[in-house]
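Everything below concerns the one structure shown next.
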Amino acid sequence: MAMKIDEIYHADAFDVFPDIENGSVDLVVCDGPYGVTTNEWDKIESIQEFNLGLIKIFSEKLTDGGALYLFGKPDCIDFVDYRPFLNLKSKIVWYQPSRLSQGKINYTNNYDVICYFIKGDRPRVYDLDAIRVPQLVELEHRLRCERVPSVTNGKYGKTKFNGDGKNPGNVWGDIKQLTYKSKELVSRDALNTIQKPERLIERIVKASSAEGDLVLDPFAGVGTCPLVCKKLNRHFIGIEINDGFVTAAKSRLDDLESKAQGSLFGYGS
């Protein structure tokens with residue numbers, strides 16, 4: 001059975017992966033089990049082997065140059081060889097300094113990782129201009145740095161100051177976790193472990209897809225990735241096993257559609 005696009009399916013992702021055409025997906029945003037909580041859905045015997053299995057599947061579903069962003073804890077892909085399937089380009093650190101400092105015999109973990117893979121050697125899409133962040137150095141200081149020989153004559157000659165902003169780099173501390181007071185929080189049951197901020201998903205979708213591309217979210221939760229895709233004119237396939245979350249996700253999409261219709265006809269916000 002071929003899967004329809006722009007749908008959120010109430011299913012176990014592993015049951016429906018065979019229905020997704022190989023080579024048809026441009027971007028995978030995979031925010032699945034972390035293997036660290038007591039939730040039933042998160043009880044994974046080996047998170048590394050689990051993630052390796054996902055990487056194998058996604059390598060078949062992705063287009064050449066397509067991207068996978070895999071969320072997890074710092075060791076989520078350690079001790080497994082993913083190299084025959086996808087090319088790890090970066091481990092992005094999603095830094096959360098506001099987390100409670102609960103460590104008593106060790107340092108508290110204040111970050112998650114987002115493993116950025118591509119299929120092949122070069123990304124099909126990497127839209128830096130869509131995700132630039134403000135420069136943190138003064139222009140005068142930056143220009144002085146650009147006059148050193150390694151920049152003017154060497155391999156760093158293209159690292160010029162850009163007034164529109166800079167590359168966000170691989171440490172993202174500018175996007176905070178949701179809290180109980182966050183307006184976009186759908187359910188307290190989805191806080192932190194499930195629902196990610198729209199800004200976080202938006203950066204990923206903008207960077208590694210173009211309008212009209214197909215984005216796969218195999219653990220869709222309350223539908224943040226499908227919602228962002230709809231706002232940014234990307235197609236999506238969402239899969240979620242929790243029926244309550246599926247209902248919430250579809251409600252968010254319906255609300256977005258209603259607001260769009262209201263704006264079109266001159267009413268609503």
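The values are calculated or read from the model by the stated rules, or taken from the named source; none is laboratory data. Keep in mind the model is a prediction, meaning the values are calculated, not measured. Positions of Cβ are backbone-derived with ideal geometry, glycine not excepted, and every protein chain shown enters the neighbour counts.
A few notes on this one:
- Annotation note: of LYS73, LYS43, the sole residue that is of a type in the set (Lys, Arg), surrounded by fewer than 16 Cβ atoms within 10 Å (Cβ to Cβ) and within 15 Å of ILE114 (Cα to Cα) is LYS73.
- Total residues in segment 190-223, condition closer than 20 Å to PHE58 by Cα and β-branched (Val, Ile, Thr): 4
- Within segment 177-269, helices (runs of 4 or more DSSP H) holding 1 or more residues that are closer than 17 Å to HIS10 by Cα and not assigned by TED's automatic domain parsing to the domain that holds ASN39: 243-264
- When SER101, SER59 are screened for being modelled with pLDDT of 95 or more and either polar (S, T, N, Q) or at positive phi (or both), only SER59 passes.
- Scanning segment 39-88 for residues that are closer than 23 Å to PRO18 by Cα and among the basic types (Lys, Arg) turns up LYS56, LYS61, ARG83.
- Exactly one residue out of VAL25, VAL36 is hydrophobic (A, V, I, L, M, F, W, C), more than 21 Å from ASN170 (Cβ to Cβ) and in contact with a strand residue (DSSP E or B) (Cβ under 6 Å, 6 or more places away or on another chain): that is VAL25.
- Residue match in segment 192-212 (condition: aliphatic (A, V, I, L, M) and more than 21 Å from ILE92 (Cβ to Cβ)): no
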